[in-house]
1. Filter segment 152-169 down to residues that are assigned to a helix (DSSP H, G or I) and either surrounded by fewer than 21 Cβ atoms within 10 Å (Cβ to Cβ) or without any contact (Cβ under 8 Å) to a residue 40 or more places away in the chain (or both), then give me how many there are.
2. If a residue has to be more than 18 Å from VAL15 (Cβ to Cβ) and of a type in the set (Val, Ile, Thr) to count, how many in segment 148-168 make the cut?
3. For the structure I just gave you, tell me whether GLY197 is buried (at least 22 other Cβ atoms within 10 Å of the Cβ), in contact with an Asp or Glu (Cβ under 7 Å, 6 or more places away or on another chain) and on the phi < 0 side of the Ramachandran plot.
4. Based on what the data block shows, is VAL189 closer than 28 Å to GLY47 by Cβ and either of a type outside the set (Lys, Arg) or touching a Lys or Arg at 6+ places or on another chain (Cβ under 7 Å) (or both)?
5. Those residues that are among the hydroxyl-bearing types (Ser, Thr, Tyr) and at pLDDT 85 or above, I need them from segment 21-36; list them, please.
6. Of the conditions (1) over 13 Å from the mean Cα position of the chain (by Cα); (2) modelled with pLDDT of 85 or more, LEU133 clears all except one; give me its number.
7. Would you mind telling me which numbered condition in (1) under 15 Å from the mean Cα position of the chain (by Cα); (2) more than 18 Å from GLY47 (Cβ to Cβ); (3) surrounded by fewer than 22 Cβ atoms within 10 Å (Cβ to Cβ) SER207 fails?
8. In segment 37-70, which residue that is under 17 Å from VAL189 (Cα atoms) and buried (at least 18 other Cβ atoms within 10 Å of the Cβ) is modelled with the lowest pLDDT?
Amino acid sequence: MNFFIGNIPASGSIVNCLAVIVGSTLGLLFRSRLPQRYINMAFQVLGLFTLFLGFLMAQKTANFLILVFSMVGGGMIGEALDLDGRFSRFSEKVSQRFKTSGQSFAEGFLTSTLLFCIGSMAILGAIEEGLGLYPNLLITKSLLDGVSSLALATSLGGGVLLSAFSVLFYQGGLTLLASSLQPILSESVINEISAAGGLMLIALGLSLLEIKRFKVTNMLPALVIAAILGSFFVH
């Protein structure tokens, strides 16, 4: 399985796309017949696994000061730019616009596209695969998106199914872009990026478990800072 996936370009995005298709199809077939407690249990288990994966990735740093400065600096930049707030306001406007117009299909498509494509796991996962690593993050994200698409399709309809192709093109594009940067990214730089991403996954896992909500989107600039600091201070 590892060999098969690892030799197909953007294979993680393909798996993610298929997961959304399967989840949406099941949601459309059963239409709210699945008890909410089963969906809640699935999210709890996946939240725990996301925490586990985040802790593993965070340990890849060779210098804890780089990790600290990256996360603090990145978080402050994201907070100053209000990335999380901008995204929330944008998605809210889109949702309100289509609710008032009654276009449930378009609402389902846009809502699920925003949910599946904008976030740290989509970006980190695409970068991970683009750098030649096994797409662990995108496989994990596929499980999350599969469950989410099932729940969304039961209430928003067939537009959720169409969002699978948004996932494929968006994440696949990020993967190809990351692969073009591979020659200038050393293993030490990749490890620092992964460590910063690991802390974001821990924050995401805590959010999934409803322990505390973190503005993970505001932390995304930390990836750039980690790459810069890693290239200068880790050899």
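The values are calculated or read from the model by the stated rules, or taken from the named source; none is laboratory data. Just so it is clear, the model here is predicted, and its values are computed rather than measured. So basically every Cβ, Gly included, is an ideal-geometry build from the backbone, and we count neighbours across all protein chains shown.
1. Residues that pass the stated criteria total 7.
2. 1
3. no
4. When the stated conditions are applied, VAL189 does not pass them.
5. Result: SER24, THR25.
6. (2)
7. (2)
8. Restricting to residues being under 17 Å from VAL189 (Cα atoms) and buried (at least 18 other Cβ atoms within 10 Å of the Cβ), the top hit is MET57.
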